[in-house]
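Have a look at the structure below, then the notes.
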Amino acid sequence: MVRLDRITMQGFKSFANRITIPFPSGFNVIAGPNGSGKSNVIDALTFVLGTTSARTIRAQKLQNLLFNGARDRKPADFCEVSIYLDNNDGKIPGEKELKVTRRITRSGISVYKLNAHTVTRAKVLDILSYANLSSEGYNIIMQGDVTNIIEMSPLGRRSIIDEISGIMEFDDKKEKAVRELDHVDLKVRENMIVVAEKQHLVVRLKQEKESAERYQELNTELRKSKASLLKQRLENAKTKLKAFDKDIGEDSKKFDTLEKEFQKIESDLDKKEASLKKLNDDILNKSRNYEIMRKIDSINTDIIRRKDKIDINEREITRLRSSSGADNVVQTVLNLDRPGIYGTVASLIEIPKRYDIALAVAMGRHANDIVVENDDVAAFCIKYLKEKKLGRARFIPLNKIKSRPGKEYRGKETIIGYAIDLIKFNKKYEKAMQYVLTDTIVVDNIDIARRINDFRIVTLDGDLVEKSGAMIGGFYRKIIRPSYGAELRKIEDESERLKAEIDKFEKDLEKLKGLEKEESADVQKLQQLKDQEETIINTMRKRRKEIYEERLVLQNKVGRSRIEKAKTEANLDNVQIEYGDYKDITEFYTFSEDELQERTRRCIIEINKLGAVNLRAIEEYQITHVEFEELRKKLDKLLEEKEAIMNVVKDVEQKRFSKFMETFTAIALNFSKIYNDMTGGGIGRLRLEEENNIDSGLAIEASPVGKKVLNLDVMSGGEKTLTSLSFLFAIMQHSASPFYVLDEIDAALDKANTNKIANLIQNYSKNVQFIVITHNDITIAQADNVFGVSMESGVSKIFGIKMPGE
């Protein structure tokens, strides 16, 4: 193996002259009194091995290493130290003997040489590393190193293992990885915040997007449903218009036909009546009792005229009742001309002008109620309206309607009277009128009405107070609608009077006919002709009446059809305008109108449930979602990078742990053996303060023979020194240097412990070279080679000492 063969010094510290010290294998001691310069040999070794710190070799600066002169010697201009390494085993690349030289001038210039060739310090360090040599290695134990071990904290002692194991490399890698991890972790946290915020935005926009899409879907369905509904209505309206045109055309033709027939009958009837008059004149002229015949003829004429007037009155009554303000549905019912249909409430009463407004308000919606004989008539009319799909109306069947007499007013306020007492009507309609106007009283004004309770009160200007206390009033806009009650009553009375007169005339006629006797054959023949003519005339008059009524029905029907057609045309115009908003719809539903209305209603409800809708959310969501995905990918990459760095940290930590434990285990074994050898059977142990935690402190424990196990910190001074030396020797043995240098390690030991150290060195020096600086006789006595150092005139000198027995 590599061995230090010799060292040459010149101008280094106290060695002014060039001097060479050979170092044979084994146990070499450099001895001398204090201040002789023996430790300068160790400083020279440290110097040539490449130290850059002057303090480690006991100098303020490197220039202080030069010999500073003596009484009769000048200071050196340079200092130079060379070591010669025996490299026979070729462990260091190069020659068999390696010469390493370091020279420094007074100006501080430092020069390194390998075998006389100038090289860099780095080159020297690199070459020496092959032999595990370094100026900072643990193969050189300087003065105070033992004390440092004793005074070190457990963490400081553990740092020695760190240094020896070389895990500083891993510490640097770990620190770099941790810094990078912190940097990446910061980015991860920042990106997670951004991603979280963006995610919240994406979630909100997604909900708004779904609402917007749902809105568009519903709106599309709504528009399609409305368009389909309008399309159907357009088609239905056009169909109705065609039907109306057809009906109006057919009914107009029928009306024209009836009109022609009516005109013909009118003409024929005029002729017949003229013929009848001529017959009457002939009969009168030939009659023996002319005066009787004249009276009979006059009575017949009066009867005919009254019957004609009654027919005219009946048609006028029908017309007035039809025009009494009833709506189309009511008018249709009145036009049925069915027995038992009497008319509307408004048409059956006569109202004094003063009470027009009060009674109109009092009747309200009942004004157009239809008074019928019984519930059979009402049921017939209702079925008719339903079958024809004409609408609805209210009926008052006199056999079913429940009415009660009005209660008597006993209040202090002055009233005009009960509403029912202020109108005129036929007695048979009394129950209907009681139903409409029971408990309704008429007063002058609202102030009086307010002071009356438990009655329905109406004022002359149209204000109304219900029994419940509800008040209806304000400016009453009178609807100008003709009231035909009085006129109807007058015409009905006239008809009754005419019927009575006809009865009287018929009785007088019978008497006169009884007086008529013995007429001539010609008169009888003329009378037969007259009777035939009268029969024909009566038949023609009956037919004329039928045609008139049929024509009236057709006229009303055509009028209603034209009104409905006009409504349909107006509705068609509105539908076409509305349909214009849906020109973009090309596909339509084929559902029924009711189903389309239901779909439209449902869509509107669903749209209203959605509330405010952000239609831009669809586009915003797409953009934001892409941004979110990009951010998430970036975050995923950062997380992958973080995981990779964490794996690196974990891997570095595992390697660091393995490397440390490998070194720690080896040094611990060395320590146990060295301590056992040094103390002759003692037990030494190294352990981590926290098991498997390589960042915890290093505990050095030992148990000298016959004593309990103690921690280094609580041992006696000598025990601390021996234990610390054992620890240092264990480190030296692990480092496996070519030689070990010990500088006065026995200075503080007693003889017994010094002897133990000397024996240990003697024993281990059989395999490795030791150079020991000491002035202890016991240590000197155990050495294989001893070199003495003395100081003469400020200059150190070396001489060999022959030991006894050599």
message = Given the criterion out of contact with any strand residue (DSSP E or B) (no Cβ under 9 Å at 6 or more places or on another chain), more than 28 Å from ILE57 (Cβ to Cβ) and of a type outside the set (S, T, N, Q), identify the matching residue among ALA736, ALA702, ALA748, ALA752.
response = ALA752
inquiry  = Residue pairs, Cβ under 6 Å, 6 or more apart or interchain, first in region 87-115 and among the hydroxyl-bearing types (Ser, Thr, Tyr), second modelled with pLDDT of 90 or more and open to solvent by 60 Å² or more (accessible area, probe 1.4 Å). List them.
reply    = THR101/LYS113; TYR112/ARG121
key: Cβ-Cβ under 8 Å pairs, at least 6 apart or on other chains, region 376-392 side closer than 14 Å to ASN328 by Cα and touching a residue at least 40 places away in the same chain (Cβ under 8 Å), far side among the basic types (Lys, Arg) and surrounded by fewer than 10 Cβ atoms within 10 Å (Cβ to Cβ)   = LEU385/ARG392
request  = State yes or no: is GLU578 touching a residue at least 60 places away in the same chain (Cβ under 8 Å), exposed (fewer than 14 other Cβ atoms within 10 Å of the Cβ) and assigned to a helix (DSSP H, G or I)?
outcome  = no
key: Residue satisfying condition, being within 30 Å of ASN538 (Cβ to Cβ), assigned to a helix (DSSP H, G or I) and either open to solvent by 30 Å² or more (accessible area, probe 1.4 Å) or out of contact with any helix residue (DSSP H, G or I) (no Cβ under 9 Å at 6 or more places or on another chain) (or both), within set LYS278, LYS240   = LYS278
query = Checking GLY697 against (1) open to solvent by less than 20 Å² (accessible area, probe 1.4 Å); (2) within 25 Å of SER25 (Cβ to Cβ); (3) modelled with pLDDT of 90 or more, which single condition isn't satisfied?
reply = (2)
ask   = Residue check: is GLU408 more than 30 Å from PRO339 (Cα to Cα), at pLDDT below 90 and in contact with a Lys or Arg (Cβ under 8 Å, 6 or more places away or on another chain)?
value = no
Any hit, region 543-554, residues being loosely packed, with under 13 Cβ neighbours inside 10 Å and not acidic (Asp, Glu) = no
query = Does any residue of region 365-383 turn out to be open to solvent by 40 Å² or more (accessible area, probe 1.4 Å), in a helix (DSSP H, G or I), over 24 Å from LYS557 (Cα atoms) and modelled with pLDDT under 90?
reply = yes
ask   = Which one of these is modelled with pLDDT under 90 and either touching a Leu at 6+ places or on another chain (Cβ under 8 Å) or closer than 21 Å to GLN769 by Cα (or both): LEU128, LEU85, LEU98?
value = LEU128
note = The condition from (1) touching a Lys or Arg at 6+ places or on another chain (Cβ under 8 Å); (2) closer than 25 Å to LEU49 by Cα; (3) open to solvent by 20 Å² or more (accessible area, probe 1.4 Å) that SER735 misses is numbered (1)
query = Among all residue pairs at least 6 apart or on different chains, which show Cβ distances below 6 Å where the first residue, located in region 490-505, is more than 14 Å from ILE304 (Cα to Cα) and the second is among the aromatic types (Phe, Trp, Tyr) and open to solvent by less than 40 Å² (accessible area, probe 1.4 Å)?
reply = none
query = From the residues in region 140-166 that are at pLDDT below 80 and assigned to a loop (DSSP other than H, G, I, E, B), which one is farthest from ALA44 (Cα to Cα)?
reply = GLY166
ask   = When region 655-698 is examined, which residues are found to be touching a Leu at 6+ places or on another chain (Cβ under 7 Å), under 30 Å from ALA758 (Cβ atoms) and not in a helix (DSSP H, G or I)?
value = LEU686, LEU698
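When you go through ASP89, ASP43 one by one, which is the residue that is under 26 Å from ASN785 (Cβ atoms) and outside any loop (DSSP other than H, G, I, E, B)?
ASP43
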remark   = Sole miss for ARG55 among (1) open to solvent by 10 Å² or more (accessible area, probe 1.4 Å); (2) among the charged types (D, E, K, R); (3) assigned to a strand (DSSP E or B) is condition (3)
task = Quick one: in region 759-779, of everything that is open to solvent by less than 10 Å² (accessible area, probe 1.4 Å) and farther than 13 Å from GLY26 by Cβ, which residue is modelled with the lowest pLDDT?
result = LEU760
task = Scan region 700-721 residue by residue and report those that are part of a helix (DSSP H, G or I) and either at pLDDT 85 or above or open to solvent by less than 10 Å² (accessible area, probe 1.4 Å) (or both).
result = LEU712
ask   = Just checking, which of GLU190, GLU180, GLU197 is part of a helix (DSSP H, G or I), open to solvent by 70 Å² or more (accessible area, probe 1.4 Å), closer than 30 Å to MET646 by Cα and touching a residue at least 60 places away in the same chain (Cβ under 8 Å)?
value = GLU180
message = Test of understanding: among ILE446, ILE537, which residue is within 21 Å of ASP308 (Cα to Cα), modelled with pLDDT of 85 or more and not hydroxyl-bearing (Ser, Thr, Tyr)?
response = ILE537
query = Which of (1) modelled with pLDDT of 90 or more; (2) open to solvent by 80 Å² or more (accessible area, probe 1.4 Å) does ILE605 not meet, given it meets every other one?
reply = (2)
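The values are calculated or read from the model by the stated rules, or taken from the named source; none is laboratory data. All values derive from a computational prediction rather than experimental measurement. Positions of Cβ are backbone-derived with ideal geometry, glycine not excepted, and every protein chain shown enters the neighbour counts. Note: areas computed on protein heavy atoms with side chains; ligands, DNA, RNA excluded. Shrake-Rupley method; radii C 1.70, N 1.55, O 1.52, S 1.80 Å.
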